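The values are calculated or read from the model by the stated rules, or taken from the named source; none is laboratory data. In this text the structure is predicted, and so the values were computed from the model without any measurement. Heads up, the Cβs are rebuilt from the backbone with ideal geometry, glycines too, and the neighbour counts pull from every protein chain shown. Areas reflect the complete protein model, heavy atoms only, side chains present, ligands, DNA and RNA absent. Shrake-Rupley method; radii C 1.70, N 1.55, O 1.52, S 1.80 Å.
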Amino acid sequence: MKEKTTIITAGIIIGIITIALVILGNPANMGYCIACFLRDIAGGLGLHRAGVVQYLRPEIMGLVLGAFLTAFIFKEFKSTGGSGVVLRFFLGAFMMMGALVFLGCPWRLLLRLAGGDLNALVAVPGYIFGIWVGVIFLRQGYTLGPAGNQPRLSALVGPLLAVGLLILVIAAPAFIFFSEEGPGSMRAPLFISLFAGLVVGVLAQRTRFCTMGAFRDILLFRDFHLFSGVAVLFLTVLIGNLVTGSFSLGFLNQPVAHTDSLWNFLSMGVVGLAAVLAGGCPLRQLILSGEGNGDATATVLGLVFGAAIMHNFGWAGSPAGAPVGGQIMVVVVWLILLGIGFSITRQALAESRARAERKESEKPVESVQRA
Amino acid sequence: MTSKIIDCCGLSCPEPVIQARKAMQETGLNQVNVRVNATVARDNVARAARQMGWQVEIEPRGEEFLLTLTR
């Protein structure tokens with residue numbers, strides 16, 4: 001019961017912060033968007049040169065550091081990693097690539113829907129479809145393998161990167177790119193963004209908030225715990241938008257969005273499937289990175305890499321629609337993700353069968369039995 | 001009383017929950033012991049077991065937790 005109250009309260013607070021960030025300057029329906037913000041960071045560092053989306057979003061640093069502080073206080077900060085690291089890097093990249101065709105991570109998907117953007121309504125079934133496919137793999141035994149203890153320094157990579165980026169955004173040296181126009185130029189004041197990130201980081205760390213887990217746990221276990229938080233967040237933002245007059249229902253002229261329904265559906269499917277295979281949505285990966293999980297840090301670096309690729313190759317969606325390159329990429333990535341899922345699940349099945357046979361030959365009666 | 005031990009150390013959620021649920025659904029078992037080494041896994045397995053009407057005992061063991069789930 002206490003768990004339930006906590007996650008619902010967290011949903012409300014995160015929703016209010018999201019609304020506040022838009023009022024204070026963030027782009028519409030983008031109070032928070034992990035994919036967009038990491039893409040802006042990739043741009044700010046010059047990893048891509050799309051001039052309209054370059055800024056070192058302090059919300060991201062706040063999220064990682066907020067999670068780091070809470071994990072530390074609650075003795076959950078631990079250096080772990082070594083579970084399918086390279087695969088996770090690419091799963092992160094694929095998540096970002098899907099998100100940038102749709103124009104938003106799963107979190108922004110909810111925010112767009114709460115702002116009346118019906119293109120998001122097409123993408124939600126796509127996202128759930130991707131998660132559903134991932135759940136089939138999970139049920140069959142898909143696993144990236146157990147993580148182990150890692151050198152303590154490895155745990156600090158995520159938080160230290162966050163500190164480094166924070167220094168760069170405050171010092172603003174000439175080699176960092178800041179958009180003069182477009183979404184990258186729309187931003188809440190630096191320290192408010194940072195503070196908002198810290199608060200959400202703390203809440204998300206405590207509640208294990210995850211926009212993929214919300215749907216995955218329903219499909220897998222009929223467990224509505226994470227979903228309740230996500231649903232309350234959605235309702236809070238919806239009410240906030242209605243109150244502040246930023247709710248506008250329709251497909252056309254939605255902020256930072258396009259109307260290519262097929263590609264909205266398929267690209268969010270990529271995000272859903274990749275998120276299940278990687279064990280968490282982009283937000284969750286940032287939080288885990290703050291908790292000392294080196295695998296999650298690798299996934300976050302993959303997200304940044306994916307963003308750079310998308311803009312350098314001109315594959316990212318824009319209000320004009322999803323470019324042909326982006327469309328081909330979505331189909332190819334769908335096939336790659338299915339390949340990853342099949343191959344790993346097959347190996348897991350073969351290994352569990354081999355284990356069962358070994359056990360049978362060792363102990364003819366019962367595997368583990370106690371009086 | 002038949003029981004089973006499953007080791008979920010290092011596995012990230014939802015894998016420990018999937019394995020624990022699978023064990024709880026096995027016929028004839030009335031006790032399942034689950035080893036985990038993360039608080040997230042501990043909480044999630046405990047919540048899943050309670051939802052399925054099992055009783056949960058949690059015993060910290062150094063860096064790990066041993067969950068005893070009984071029907």
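General observations
Each row is one residue, and each column tells you yes or no for (1) under 22 Å from A:Tyr142 (Cβ atoms); (2) of a type in the set (Phe, Trp, Tyr); (3) at pLDDT 90 or above.
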site	(1), (2), (3)
B:Ala23	yes, no, yes
B:Asn30	no, no, no
B:Arg35	yes, no, yes
B:Ala49	no, no, yes
B:Val56	no, no, yes
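- Residue count, the range B:17-36 (criterion: small (Gly, Ala, Ser) and either open to solvent by less than 50 Å² (accessible area, probe 1.4 Å) or touching a Leu at 6+ places or on another chain (Cβ under 9 Å) (or both)): 2
- Residue within the range A:149-160 that is within 30 Å of A:Thr5 (Cβ to Cβ) and surrounded by 16 or more Cβ atoms within 10 Å (Cβ to Cβ) present: yes
- Scanning the range A:213-232 for residues that are closer than 10 Å to A:Ile7 by Cα and within 8 Å of chain B (Cβ to nearest Cβ) yields a single hit, A:His225.
- Any chance A:Phe313 is surrounded by fewer than 17 Cβ atoms within 10 Å (Cβ to Cβ) and within 14 Å of chain B (Cβ to nearest Cβ): no
- Pairing each residue of the range A:130-156 that is within 10 Å of chain B (Cβ to nearest Cβ) and closer than 15 Å to A:Ile218 by Cβ with any residue that is open to solvent by 30 Å² or more (accessible area, probe 1.4 Å) and of a type outside the set (Ser, Thr, Tyr), provided the two are 6+ apart or on different chains, yields C-beta distances under 7 Å for A:Val135/A:Leu219.
- Residue in the range A:209-220 that is assigned to a loop (DSSP other than H, G, I, E, B) and among the hydrophobic types (A, V, I, L, M, F, W, C) present: yes
Every residue, every condition in (1) among the charged types (D, E, K, R); (2) under 17 Å from the mean Cα position of the chain (by Cα); (3) surrounded by fewer than 24 Cβ atoms within 10 Å (Cβ to Cβ), yes or no:
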{"position": "A:Gly272", "(1), (2), (3)": "no, yes, no"}
{"position": "A:Gln285", "(1), (2), (3)": "no, yes, no"}
{"position": "A:Gly294", "(1), (2), (3)": "no, yes, no"}
{"position": "A:Thr297", "(1), (2), (3)": "no, yes, no"}
{"position": "A:Ala308", "(1), (2), (3)": "no, yes, yes"}
{"position": "A:Gly317", "(1), (2), (3)": "no, no, no"}
{"position": "A:Ala320", "(1), (2), (3)": "no, no, yes"}
{"position": "A:Met329", "(1), (2), (3)": "no, no, no"}
{"position": "A:Leu338", "(1), (2), (3)": "no, no, yes"}
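- Matching option when the condition is touching a residue at least 12 places away in the same chain (Cβ under 8 Å) and open to solvent by less than 40 Å² (accessible area, probe 1.4 Å), among A:Pro183, A:Pro189: A:Pro183
- In the set (1) touching a Leu at 6+ places or on another chain (Cβ under 7 Å); (2) surrounded by fewer than 24 Cβ atoms within 10 Å (Cβ to Cβ), the condition left unmet by A:Arg39 is number (2).
- Taken over the range B:51-67, the criterion of being part of a loop (DSSP other than H, G, I, E, B) and either within 14 Å of B:Ala20 (Cα to Cα) or in contact with a His (Cβ under 6 Å, 6 or more places away or on another chain) (or both) is satisfied by B:Met52, B:Gly53, B:Trp54.
- Meets criteria (more than 10 Å from chain A (Cβ to nearest Cβ), among the basic types (Lys, Arg) and buried (at least 18 other Cβ atoms within 10 Å of the Cβ)) for B:Arg61: no
- Residues in the range A:132-148 that are outside any helix (DSSP H, G or I) and open to solvent by 70 Å² or more (accessible area, probe 1.4 Å): A:Gln140, A:Pro146.
- Screening A:Val256 on (1) in a helix (DSSP H, G or I); (2) open to solvent by 10 Å² or more (accessible area, probe 1.4 Å) shows it passes everything except condition (1).
- Some residue of the range A:73-85 being in a helix (DSSP H, G or I), open to solvent by 30 Å² or more (accessible area, probe 1.4 Å) and in contact (Cβ under 8 Å) with a residue 24 or more places away in the chain: yes
- Reported count of residues in the range A:10-36, each being out of contact with any Leu (no Cβ under 7 Å at 6 or more places or on another chain), part of a loop (DSSP other than H, G, I, E, B) and of a type in the set (Gly, Ala, Ser), is 2.
- Scanning the range A:36-77 for residues that are among the polar types (S, T, N, Q) and more than 14 Å from chain B (Cβ to nearest Cβ) gives a single hit, A:Gln54.
- Leading residue by the ranking (surrounded by the fewest Cβ atoms within 10 Å (Cβ to Cβ)) among those in the range B:2-16 that are of a type in the set (A, V, I, L, M, F, W, C) and at the interface with chain A (Cβ under 7 Å from one of its Cβ atoms): B:Ile5
- Of all residues in the range B:26-50 being over 15 Å from A:Asp223 (Cβ atoms) and in a helix (DSSP H, G or I), the one that is nearest to the other protein chains (Cβ to nearest Cβ): B:Thr39
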